[in-house]
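Asker: Mind looking over this structure? Questions follow.
The values are calculated or read from the model by the stated rules, or taken from the named source; none is laboratory data. Because the structure is predicted, anything quoted here is derived from the model rather than measured. FYI the Cβ positions are ideal-geometry reconstructions off the backbone, even for glycines, and counts take in every protein chain you see.
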Amino acid sequence: MTEVVVTGYGTVSAAGIGVPVNWDRVCAGAPTAARDPELTGIPVNITCRVPGFDAEALLGRPEARRTDRTTQFGLVAAREAIADAGLEPHAWDGARVGIVMGTSTGAAGTYDREYVRYFEEGPEWVSPTFGVTAPMNLLAGYLASAFGAYGPNLVVTTACAAGPTAIGTARQLLVADMCDIVLAGGAEAPLTGLLVSSLGQMGAMSRRLADPAGASRPFDAARDGMVPAEGAAVLVMERSADARARGVQPHGVVAGYGASADGYHMSAPDPEGRGAERAIRMALRDAGLSAADIGHVNAHGSSTPLNDVTESRTIARVYDDPVVTSTKGVLGHALGAAGALEAVHTLLALETGMIPPTANLEQVDEQITVDVVAGEPRKHTFEAAATHSFGFGGQNAVVVFRRP
């Protein structure tokens, strides 16, 4: 099969803007969760919010005014990724450049704001730009306009599996020769009163209100729920031959992709992990690798009681003792952007030989038997790694990366 590589990446998260600051904080295991002053009055209001994000300064006033925060994150991450890949949009053949982005809640902030205007102030106060700001497809549409990408333009929405779904779909477009370059990833800005209230009401969020920094603690015996987050990550993907022709050293090879549905429950994982296992085995088969070839797994590791145990059992059953981490202990759970951020973390671990710790992991749950990194980064040389993402609706996606 045609080999596809990642030649650039960009990130926005609660750790800050840009890959270097994100990677530094993830490796330091320094949590970003805090009580959210924008959600005062909501009983459970611990989140991981992007600090100091000034859309007008980063994108210009016109672009900032006509885009939702989710799209703004995507634009900033994409700009970094393109520069990292050594590409110049004004010089590329835009008809051969595609975009595949993932999201779960889309323009949640815009919907919240305009609903309030409609019900409290009346229809005449609804923004005339709502129809070109809120629809989910515009996440990819605005990226196409900003960067002159005129090829296939898609938004996939597979809940928390959206990032890897976008990466896998982008790989398929490149293998099919429908594009020469694809920008792929995920973006999410879900920290609205409505969504956070709902997550709190359903018992999905951590209630560690007296210690918000310690709230997201994947695989820990004392974990009590996830911490919602926001952010974005975008990867530049190309065929290996094209990258070589440009003289570019790739970050890694997108070796395999697998996806599945649990078909079990809308918010709880299949307790046997059968859907997750199908996605993992599909990705390994697609990559032409065995379970023993995977030296590292960037786990979904959501910090919820059910998911962490189910995922760890699946890892133990499928793989041959990989080194495991979850970066959600630092960045929280960015829903549709989480898997894209974790794809970047997985590539960085491959490149640096450094696996970041799982923040706040003080005592591993006795039901979890896999080798989870805690405390400090671990040096570990490996040739291939997998990143897992599992979402509401029982949607699963797994990507396998290997060294170029």
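Asker: I'm trying to understand the selection: among the residues of segment 392-404, which are in a loop (DSSP other than H, G, I, E, B) and aromatic (Phe, Trp, Tyr)? If you could, list the steps in order and put the result at the bottom.
Answerer: Kept after step one, since they are in a loop (DSSP other than H, G, I, E, B), are these residues of segment 392-404: 392-394, 403-404.
The answer is PHE392, and nothing else.
Asker: Which condition does GLU362 not pass, out of (1) touching a strand residue (DSSP E or B) at 6+ places or on another chain (Cβ under 8 Å); (2) within 24 Å of SER290 (Cα to Cα), if it passes all the others?
Answerer: All conditions pass for GLU362, except number (2).
Asker: Can you name the residue in segment 138-165 that is of a type in the set (Phe, Trp, Tyr) and either touching a strand residue (DSSP E or B) at 6+ places or on another chain (Cβ under 8 Å) or not assigned by TED's automatic domain parsing to the domain that holds THR71 (or both) and is also surrounded by the fewest Cβ atoms within 10 Å (Cβ to Cβ) among such residues?
Answerer: Residues of segment 138-165 of a type in the set (Phe, Trp, Tyr): 142, 147, 150.
From what is left, the residues that are either touching a strand residue (DSSP E or B) at 6+ places or on another chain (Cβ under 8 Å) or not assigned by TED's automatic domain parsing to the domain that holds THR71 (or both) are 147, 150.
Values: PHE147: 21, TYR150: 15.
Among those that are of a type in the set (Phe, Trp, Tyr) and either touching a strand residue (DSSP E or B) at 6+ places or on another chain (Cβ under 8 Å) or not assigned by TED's automatic domain parsing to the domain that holds THR71 (or both), it is TYR150.
Asker: So ALA340 ticks every box in (1) among the aliphatic types (A, V, I, L, M); (2) closer than 30 Å to ILE99 by Cα; (3) assigned to a loop (DSSP other than H, G, I, E, B) but one. Which box is left unticked?
Answerer: Against the list (1) among the aliphatic types (A, V, I, L, M); (2) closer than 30 Å to ILE99 by Cα; (3) assigned to a loop (DSSP other than H, G, I, E, B), ALA340 comes up short only on (3).
Asker: Same structure, new question: For segment 375-391, how many residues meet the condition of being outside any strand (DSSP E or B), within 10 Å of ILE355 (Cα to Cα) and not hydroxyl-bearing (Ser, Thr, Tyr)? If you could, list the steps in order and put the result at the bottom.
Answerer: Just the residues of segment 375-391 that are outside any strand (DSSP E or B), to begin with: 375-377, 380-383.
With the extra rule that they be within 10 Å of ILE355 (Cα to Cα), the set shrinks to 376-377, 380-381.
Remaining after also requiring not hydroxyl-bearing (Ser, Thr, Tyr): 376-377, 380.
Number of matching residues: 3.
Asker: When both residues are 6+ apart or on different chains and their Cβ atoms are under 7 Å apart, which pairs have a first residue that lies in segment 309-321 and is crowded, with 18+ Cβ neighbours inside 10 Å, and a second that is among the aromatic types (Phe, Trp, Tyr)?
Answerer: Listed pairs, sorted by first residue: SER312/PHE219.
Asker: In segment 194-237, which residue that is of a type in the set (Ser, Thr, Tyr) and touching a residue at least 60 places away in the same chain (Cβ under 8 Å) is surrounded by the fewest Cβ atoms within 10 Å (Cβ to Cβ)?
Answerer: First pass over segment 194-237, keeping only residues of a type in the set (Ser, Thr, Tyr): 197-198, 206, 216.
Applying the additional criterion that residues be touching a residue at least 60 places away in the same chain (Cβ under 8 Å) yields 197, 206, 216.
On the way: SER197: 17, SER206: 25, SER216: 35.
It comes out as SER197.
Asker: When the residues of segment 175-193 are narrowed to those that are more than 21 Å from the chain's Cα centre (by Cα) and either closer than 17 Å to HIS333 by Cα or of a type in the set (Gly, Ala, Ser) (or both), which ends up surrounded by the fewest Cβ atoms within 10 Å (Cβ to Cβ)? Spell out how you get there, then give the answer.
Answerer: Going through segment 175-193, the residues more than 21 Å from the chain's Cα centre (by Cα) turn out to be 175-180, 193.
Right, trim to either closer than 17 Å to HIS333 by Cα or of a type in the set (Gly, Ala, Ser) (or both) and you get 176, 193.
Numbers: ALA176: 10, GLY193: 16.
Residue satisfying both the conditions and the ranking: ALA176.
Asker: Another question, if that's okay. Within the group PHE53, PHE73, which residue is in contact with a Phe, Trp or Tyr (Cβ under 8 Å, 6 or more places away or on another chain), more than 19 Å from ALA184 (Cβ to Cβ) and surrounded by 15 or more Cβ atoms within 10 Å (Cβ to Cβ)? Working first, answer last.
Answerer: Values: PHE73 fails: more than 19 Å from ALA184 (Cβ to Cβ).
Selected residue: PHE53, the only one of PHE53, PHE73 that is in contact with a Phe, Trp or Tyr (Cβ under 8 Å, 6 or more places away or on another chain), more than 19 Å from ALA184 (Cβ to Cβ) and surrounded by 15 or more Cβ atoms within 10 Å (Cβ to Cβ).
Asker: Answer yes or no as to whether ASP308 is farther than 30 Å from PRO190 by Cβ and not assigned by TED's automatic domain parsing to the domain that holds ALA170. Don't jump to the end; show me each part of the working.
Answerer: On the way: farther than 30 Å from PRO190 by Cβ: no; not assigned by TED's automatic domain parsing to the domain that holds ALA170: yes.
The answer is no for ASP308.
Asker: Would you list the helices (runs of 4 or more DSSP H) that sit entirely within segment 1-66 and hold 3 or more residues that are out of contact with any Leu (no Cβ under 7 Å at 6 or more places or on another chain) and free of Cβ contacts under 8 Å to residues at least 12 places away in the same chain? Before you say what the answer is, go through the steps one by one.
Answerer: Values: elements: 19-28, 55-59, 61-66.
Fully inside segment 1-66 and qualifying: 19-28, 61-66.
Asker: What is the one condition in (1) in contact with a strand residue (DSSP E or B) (Cβ under 6 Å, 6 or more places away or on another chain); (2) crowded, with 19+ Cβ neighbours inside 10 Å; (3) assigned by TED's automatic domain parsing to the domain that holds ALA15 that SER240 does not satisfy?
Answerer: Against the list (1) in contact with a strand residue (DSSP E or B) (Cβ under 6 Å, 6 or more places away or on another chain); (2) crowded, with 19+ Cβ neighbours inside 10 Å; (3) assigned by TED's automatic domain parsing to the domain that holds ALA15, SER240 comes up short only on (2).
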